[in-house]
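Encoded as structure tokens, the structure appears first; notes follow it.
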Amino acid sequence: MAITYCREKEQFRLDSAHTSYLIGVTQEGYVGHIYYGERVNCFGGEDAFRLDEVPGPGKRKREKCAFLASFPFEYPTAGVGDFRDSCLDVENEAGQRGCELFYDSYKIETGKPLLPGLPATFAGDEEEDVQTLYLILKDPVLKLKVTLLYSVFEKEDAITRSAVIENEGTQRLMLHRAASACLDMDNRAFETVTLEGAWARERHPQRGRLLRGRSEFSSIRGVSSPQLNPFLALVTPETTQRAGEVYAMNFVYSGNFAAVADLSMYGSVRMTMGIHPWQFAWNLCAGESFTAPEVVMVYSGEGLGKMTRSFHSLYRKHLIRSPYKDKDRPVLINNWEGTYFDFDTEKLIAIAKAAKEVGVEMFVMDDGWFGKRNNDDCGLGDWYVNEEKLVGGLTRLGQAIHDLGMKFGIWIEPEMVSPDSDLFRAHPDWAIQIPGREPTLARHQLVLDITRKEVRDAVCDMIRSAFNTTKIDYVKWDMNRYLCDIGSAAGGPEYQGELLHRYVLALYEMQERLITDFPDILFENCSSGGARFDPGMLYFSPQIWTSDDTDAIERLHIQEGTALVYPMETMGAHVSKCPNEQVGRMVPIETRANVALAGTFGYELDMTRLPEEEKKKIPGQIARYHRFHGLVAGGDYYRLNSWCEEEPWDCWENVSEDRAQALITYVQVLGRPNTGSRLVRAEGLDPYAVYHLTILKDGEETEMKQEFPGSALMHFGLRIPALGDFQSVLYYLEKTREEEP
Ligand code: GLA
């Protein structure tokens with residue numbers, strides 16, 4: 001039983017394989033947090049709740065104000081005396097803001113409900129291993145009903161949360177905040193782990209001490225953003241990859257979010273996650289309900305590594321729906337860095353041909369094939385082929401690519417419009433903007449108001465027609481600017497505060513439409529590189545373009561941060577030319593390929609111009625991708641060293657589920673003179689198995705004669721010689737036999 005209720009104590013216990021989560025109800029009906037951590041087999045005692053009431057009068061009779069200041073709420077509300085960060089902020093028809101929730105009832109069900117219009121994890125084939133607790137709370141004054149949803153994924157050690165807020169009264173209410181989850185705990189000198197960045201520097205892991213007050217990690221850019229990913233973990237100071245406690249939250253949402261850690265005067269920490277309240281004002285008329293997007297919570301008592309593996313297996317089994325998710329993806333070549341906008345049919349076919357000769361399996365045509373788009377200041381919104389550039393249109397190009405025996409992919413950016421486009425000239429009011437104010441352009445473009453059905457329909461129809469002119473095997477859905485000038489012609493004042501959330505819902509609806517209409521297309525999401533790399537997008541596409549920075553050394557950092565939460569095979573990772581377009585660095589093509597092997601593999605260059613000696617290596621790299629991708633995509637990931645933290649070398653390991661195979665990737669970022677070899681300790685192997693080792697370096701494979709016991713690899717380590725700048729090596733371990741325990 002994953003969820004148990006103790007009537008006597010009015011407590012709920014949510015158990016997964018290694019964790020427990022306890023919730024209780026007080027004598028007044030407040031719903032509070034008792035415990036989250038290692039699995040326990042009991043309920044809380046008399047002192048279960050932290051109550052730090054001030055000494056004095058509070059001793060005699062529970063004083064509400066002092067009580068609210070310290071009680072660990074499961075879903076705190078604003079306006080009635082709890083001054084910490086809250087989840088729910090409601091305004092009544094008279095303009096007053098206050099809300100207080102009391103326990104009403106509960107329900108426990110096997111499986112997990114869908115969240116209407118929102119991406120969310122699902123039970124799938126493991127219906128029996130997932131249970132959901134519905135806690136119903138009510139505000140009798142506002143006549144507001146709040147259902148807190150907790151779904152326990154037993155095997156993955158994850159709990160998902162959401163909240164449904166319903167107006168059961170007759171007055172119109174306004175939600176100024178409706179967060180999804182809260183975790184209210186005692187402080188343990190917590191530190192925060194977040195993923196920070198910028199364009200081309202996405203998701204760098206960042207760790208810092210949690211100070212008193214409210215620390216917010218958020219995005220108000222309309223997308224989940226490269227600046228801060230919708231992920232927050234609180235960790236104890238001793239936490240490493242292998243040890244220490246981790247409380248993590250990840251938001252299944254692709255728009256504005258706030259992840260908050262509020263360290264109170266009493267030393268308690270309240271961690272919340274949800275839609276950012278900035279420019280959020282949701283009208284809740286009588287009878288209406290609002291569903292807060294899902295938060296995934298993971299607790300690990302064995303360091304960040306175990307947290308990572310929980311997220312990976314949850315997302316693989318219970319979030320990504322694509323029929324491609326368990327398949328090797330075709331190795332692609334994308335022409336963006338190879339040609340930018342300067343191409344025509346012949347040039348693209350020449351690149352595809354050269355790529356086919358070395359074994360590449362799919363050709364992807366990036367930006368610039370439609371409207372008058374010869375540079376990035378026009379054409380977005382005109383989703384019909386530019387026949388001047390592509391003589392014979394998509395039909396001829398698609399046919400030529402397919403005739404080569406390759407798959408054909410295409411780039412689109414459906415949410416956007418260029419002021420210099422036929423679409424904008426016909427419908428200037430279709431862009432998001434504030435009337436009378438010149439809208440701020442970014443990359444010369446505006447954002448379409450896709451919250452309007454006619455806009456979504458028009459764009460989807462154009463795209464559908466383009467896709468119907470030839471067989472499209474793959475689509476890269478891009479989104480290249482943030483949202484500002486938040487104004488919509490679709491509604492009155494009450495609509496404007498809903499626009500940012502409605503935008504995300506509309507985006508999800510458009511993606512759902514296209515994946516339903518074209519079920520065989522492999523979709524890859526993208527947003528100026530990796531500006532929308534979040535679990536929400538993974539629900540619609542099994543891979544996301546990780547970053548516009550394709551330099552292998554920069555990618556080490558970006559991919560380490562991304563893989564902290566997201567499965568490796570979801571990261572689009574390509575080999576590009578040198579000197580690198582973003583940083584000018586020269587990295588051997590072998591290392592470029594070894595780093596890209598950690599994700600969904602491809603090439604991003606003009607194959608007709610790649611030096612011959614580099615080209616020769618490509619067939620071997622593609623073979624390696626197919627040989628090892630199953631391990632990367634289905635196995636457990638262990639981060640063995642981070643070059644960001646210590647010495648300048650980077651190392652990670654992928655171990656198959658049955659522990660029969662492992663791949664260790666070692667990259668020397670900078671060489672050091674006069675240094676010796678180092679021992680790298682493997683993880684996750686079978687200690688009673690004996691492994692055979694193959695070393696793959698410089699295109700050569702060396703099979704080692706000696707055998708390596710799993711326990712020796714994990715405890716003594718594998719001796720790795722010092723390498724020079726940007727050199728790398730792969731160590732492939734295969735179990736040969738078992739030894740007596
Ligand atoms: C974004 C993407 C790139 C490329 C360009 C095209 O920046 O991240 O990969 O598709 O747009 O304009």
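The values are calculated or read from the model by the stated rules, or taken from the named source; none is laboratory data. A quick note: this is a predicted structure, and the numbers were derived from the prediction, not measured. No Cβ is skipped: glycine too gets one built from the backbone with ideal geometry, and neighbour counts run over all protein chains shown. Surface areas here come from the heavy atoms of the whole protein model, side chains and all, with no ligands, DNA or RNA. Shrake-Rupley method; radii C 1.70, N 1.55, O 1.52, S 1.80 Å.
A Cβ distance below 6 Å, combined with a sequence gap of six or more or placement on separate chains, defines the contacts here; from the stretch 558-577, residues that are assigned by TED's automatic domain parsing to the domain that holds residue 531 and touching a residue at least 12 places away in the same chain (Cβ under 8 Å) reach residues that are in a loop (DSSP other than H, G, I, E, B) and surrounded by fewer than 24 Cβ atoms within 10 Å (Cβ to Cβ) in the pairs 560/642. Consider residue 630 carefully, then state whether it is of a type in the set (Gly, Ala, Ser) and under 27 Å from residue 603 (Cβ atoms). It is true that residue 630 is of a type in the set (Gly, Ala, Ser) and under 27 Å from residue 603 (Cβ atoms).
Among 420, 344, 403, which is the only one that is within 16 Å of the ligand (Cβ to nearest atom), open to solvent by 10 Å² or more (accessible area, probe 1.4 Å) and over 27 Å from the mean Cα position of the chain (by Cα)?
Details: 344 fails: within 16 Å of the ligand (Cβ to nearest atom); 403 fails: within 16 Å of the ligand (Cβ to nearest atom).
Every option except 420 fails the conditions.
Check whether at least one residue in the stretch 687-710 is at pLDDT 95 or above and polar (S, T, N, Q), and report yes or no. Checking the stretch 687-710: at least one residue is at pLDDT 95 or above and polar (S, T, N, Q).
Among the criteria (1) closer than 29 Å to residue 309 by Cβ; (2) touching a Leu at 6+ places or on another chain (Cβ under 9 Å), the one residue 577 does not fulfil is (1).
Is it the case, given these coordinates, that residue 410 is within 16 Å of the ligand (Cβ to nearest atom), surrounded by 23 or more Cβ atoms within 10 Å (Cβ to Cβ), under 30 Å from residue 579 (Cβ atoms) and in the same structural domain as residue 597 (by TED's automatic domain parsing)?
Working: within 16 Å of the ligand (Cβ to nearest atom): yes; surrounded by 23 or more Cβ atoms within 10 Å (Cβ to Cβ): yes; under 30 Å from residue 579 (Cβ atoms): yes; in the same structural domain as residue 597 (by TED's automatic domain parsing): yes.
In short, yes.
For the stretch 99-121, what are the residues that are part of a loop (DSSP other than H, G, I, E, B), more than 16 Å from residue 292 (Cα to Cα) and either touching a residue at least 60 places away in the same chain (Cβ under 8 Å) or in contact with a His (Cβ under 8 Å, 6 or more places away or on another chain) (or both)?
Keep residues of the stretch 99-121 that are part of a loop (DSSP other than H, G, I, E, B), which gives 99-101, 111-121.
So of that shortlist, the ones also more than 16 Å from residue 292 (Cα to Cα) come out as 99-101, 111.
Across the stretch 99-121, the qualifying residue is only 101.
Within the span defined as the stretch 154-165, one or more residues are at pLDDT 95 or above, within 18 Å of residue 140 (Cα to Cα) and open to solvent by 10 Å² or more (accessible area, probe 1.4 Å).
Conditions (1) open to solvent by 10 Å² or more (accessible area, probe 1.4 Å); (2) within 16 Å of the ligand (Cβ to nearest atom), marked per residue:
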{"site": "443", "(1), (2)": "yes, yes"}
{"site": "446", "(1), (2)": "no, yes"}
{"site": "474", "(1), (2)": "no, yes"}
{"site": "480", "(1), (2)": "yes, yes"}
{"site": "487", "(1), (2)": "no, no"}
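Residues in the stretch 703-741 that are open to solvent by 70 Å² or more (accessible area, probe 1.4 Å) and either within 24 Å of residue 615 (Cα to Cα) or touching a residue at least 60 places away in the same chain (Cβ under 8 Å) (or both): 725, 734.
Within the stretch 497-516, does at least one residue satisfy the condition of being open to solvent by less than 30 Å² (accessible area, probe 1.4 Å), within 16 Å of the ligand (Cβ to nearest atom) and not assigned by TED's automatic domain parsing to the domain that holds residue 201? The answer is no; no qualifying residue exists. Sub-8 Å Cβ pairs linking a first residue in the stretch 365-393 that is closer than 17 Å to residue 465 by Cβ and open to solvent by less than 20 Å² (accessible area, probe 1.4 Å) to a second residue that is of a type in the set (Lys, Arg) and within 16 Å of the ligand (Cβ to nearest atom), at least 6 apart or interchain, are 369/389; 379/372; 379/373; 380/373; 382/372; 382/373; 386/372; 386/373, ordered by first then second residue. Applying the set (1) surrounded by fewer than 24 Cβ atoms within 10 Å (Cβ to Cβ); (2) more than 10 Å from the ligand (Cβ to nearest atom) to residue 558 leaves exactly one unmet item: (1).
Take the conditions (1) more than 16 Å from the ligand (Cβ to nearest atom); (2) open to solvent by less than 70 Å² (accessible area, probe 1.4 Å); (3) more than 30 Å from residue 614 (Cα to Cα); residue 350 misses just one of them, which is (3). Here residue 173 meets the list (1) in contact with a helix residue (DSSP H, G or I) (Cβ under 8 Å, 6 or more places away or on another chain); (2) surrounded by 20 or more Cβ atoms within 10 Å (Cβ to Cβ) almost entirely, failing just condition (1). Of all the residues in the stretch 176-196, those that are open to solvent by 10 Å² or more (accessible area, probe 1.4 Å) and in a loop (DSSP other than H, G, I, E, B) number 3. Here is the figure for the stretch 522-540: residues that are more than 14 Å from the ligand (Cβ to nearest atom) and open to solvent by less than 10 Å² (accessible area, probe 1.4 Å) total 5. Candidates 364, 360: the one that is more than 12 Å from the ligand (Cβ to nearest atom) and closer than 30 Å to residue 625 by Cβ is 360.
Suppose we filter 644, 651 for residues that are open to solvent by 50 Å² or more (accessible area, probe 1.4 Å) and within 25 Å of the chain's Cα centre (by Cα); which single one remains? Only one candidate qualifies: 644.
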